[in-house]
Structures are given as structure tokens and as C-alpha cells.
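Structure first, then comments.
Nothing in this text is a laboratory measurement; each read-out follows from the coordinates by a stated rule. Just so it is clear, the structure is predicted and the values come from calculations on it, not from any experiment. Backbone-built Cβ (ideal geometry, glycine too); neighbour counts: all protein chains shown.
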Amino acid sequence: MATVYLFVTAPPPLADASAGDGKRLSAHEVLEICAAENAAVRELYTNEIVGAGQKVGLRFDEQWEQLKFDAGPLPALFLRQTSKSLARSSVRLGLFLGSDNPVNKSNQFSGPQAAALQEMRRDAEPRSFFMNDVRLYTAMFPDFAVAPACVECHNKHPDSPKSDWKLGDLMGATTWTFPSNSVSVSETLEVLAALRNAFRDAYTRYIEKTKTFSSPPEVGKKWPSQCYCLPTPETFMQAAERRSSKPTLDRLLSRRQEVLRESTRPSGPQ
């Protein structure tokens, strides 16, 4: 119901892409919303699936995709699956998780992204810029160690260049890209729908993999905190949407109020 409420009852006046820039969102605003939705889903997956799952015998590993390996994706790999699904969608929303101390060298930041991360380490604030080489509007958001599972995995991994991570540390950044500098709200909703579908795809991929386990967990409405089990994709996404739909809708409504104030403001001296 949260999804229906967000995508069906969003204020129609904002969806008019032909009404001018006053009724459009900046690329940074859209990417902020995407980053907030992603943070909510990753925290849910990290704490309620990985953290709780390990306590009841579920395994998570970087080699989880190997056929006879009974494991699921680590949080960073869950994000990678989300990114792959986004790349297959019709929207041109890009997502990448990088660091200056990555376990996987392919996640090493370079160029303007590396510089932006160093600036971020001073104040933990997001960074926005335009990447001329790929012609994309870019926003980077700090990626903190929010759960013990993140810290333990990176500290114990043999390929990790850093082994003293602590909860709350800035581990890297999620980088989001979009080709336009402004977006109508109807386009914004299409982007969010694609992002949520990508979350669902990533989680569904994990559930499909569990069917090959030597001892598959029960899949239903229960969570790992209750048993050796996992929620269905529908149950997982319902929980994710409960966490993110209200903040996202509040952001869109706030933008509407700004537009209304701008439209009623006197245009010249009185």
C-alpha cells in the first residue's frame, strides 16, 4: 500500500513536465531521494537479513553466486546487484559504491570521485558535480559502517587494505549519476519505480539462489530474527517501503509547497 500511495497519489500538478523549470526538480534533488531510499533498503538488508541471518546459520560471501556455494550476497554485493538491474532498465540512473580502501580493486575511486571522497572525509557532507568526460550529473553520498556485519567483513577479509574499521566510520561513498540537470516529477517517479524494482530484483536473485542450498531456509513472512528463514521479496519490499515511502513523499510535497510559494510571490515592485 505504501508503494501505491507514493506512486499513485503524488500531487498531479507537479507532474507537468511542460510547465517550466519551476515545476522540475534538480538532478541533485532526485539523486538525494534515490540515495535516501537506497540507505533505507541497505540498512534493512544489512541488519535484518545479513546480521540476523548469520546468527541462525545463514552465510554471506563474496563468492555467493557460485553454484554449489550456500551463501547470499554481502551488503556491498547486494548494492552491486541493484546497480546491474538499474543498468538494464529504461531509466539512465547510475549507481556505484566505491572507496579509497576497497576490498575489491574495481571499486577504487579515481579522478574527481577520489577527490570528492577526500573532501567528504573532512565534513561527511554529500558532493555534487558534473563529470565532463561522461557528461553526467553526479552526486556522492557518504557510506558509513552502520552495522557490525559491515565492519567484521572488511576487517577480516584477506584482500582488505584496512583492518581497523569501526562502527560509524566513513567507509566510502555511493555515487549516483543522471544525464539531465532537471527532472519533472513524473520522470522522478519513473526513476524511483525503476530503483525499487532493482531492489526487488537484487533480493529475488538471493531468494532464487537459496533454492540450491543443501539446507534451504524457509521463505515466507518470517524473518531471520525468528527462525532459519527469509522473507519473500514481497514481504522484504513492504518493509523497505514502510521505511522510505513517507520520507520520499514528504520530500515531494515539500517541493510542491516551494513551487506554490514561488508562483504566488509578487513578480515586481508593489
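What ranking do D133, D143, D201 get, fewest neighbouring Cβ atoms within 10 angstrom at the top?
Taking fewest neighbouring Cβ atoms as first place, the list is D133, D201, D143.
Taking the Cα centre of the chain as the origin and placing charges on Cβ (Lys, Arg +1; Asp, Glu -1), which of L58, W165, G94 is farthest toward the positive end of the dipole?
Going by the charge dipole, the pick is L58.
Which length gain, in nm to one decimal place, applies between D169 and F213 when the Cα-Cα distance is subtracted from 0.36 nm times their residue separation?
12.4 nm
Per DSSP H run of at least 4 residues, take -39500 (n - 2.57); add these up for the chain, divide by its residues and hand me the 222 nm value, nearest 500 deg cm²/dmol.
Rounded to the nearest 500, it is -15000 deg cm²/dmol.
Using the alpha-carbon centroid of each, what span in Å lies between the range 34-56 and the range 188-220?
13 Å
Counting other beta carbons within 10 Å of each residue's own, what order do V56, V30, V183, V91 fall into, fewest first?
Lowest to highest Cβ neighbour count: V56, V91, V183, V30.
How big is the chain by Rg and Dmax over its Cα atoms, in Å?
20.0, 77
Tell me the relative contact order for the range 26-216 as a rounded percent, counting alpha carbon contacts under 8 Å between residues six or more apart.
Rounded, it is 29 percent for the range 26-216.
Report the one residue of T248, T232, P217 whose Cα lies farthest in the direction of the positive end of the charge dipole of the range 211-259 (charges on C-beta: Lys and Arg +1, Asp and Glu -1; origin at the Cα centre).
So the residue furthest toward the plus end is T248.
Provide E37, E208 in ascending order of the number of other Cβ atoms located within 10 Å of each residue's Cβ, fewest first.
E208, E37
Checking the cross-link filter: which lysines have an alpha carbon closer than 19 Å to that of K105, excluding same-chain neighbours under 8 positions apart?
Partners within reach: K84, K156, K162.
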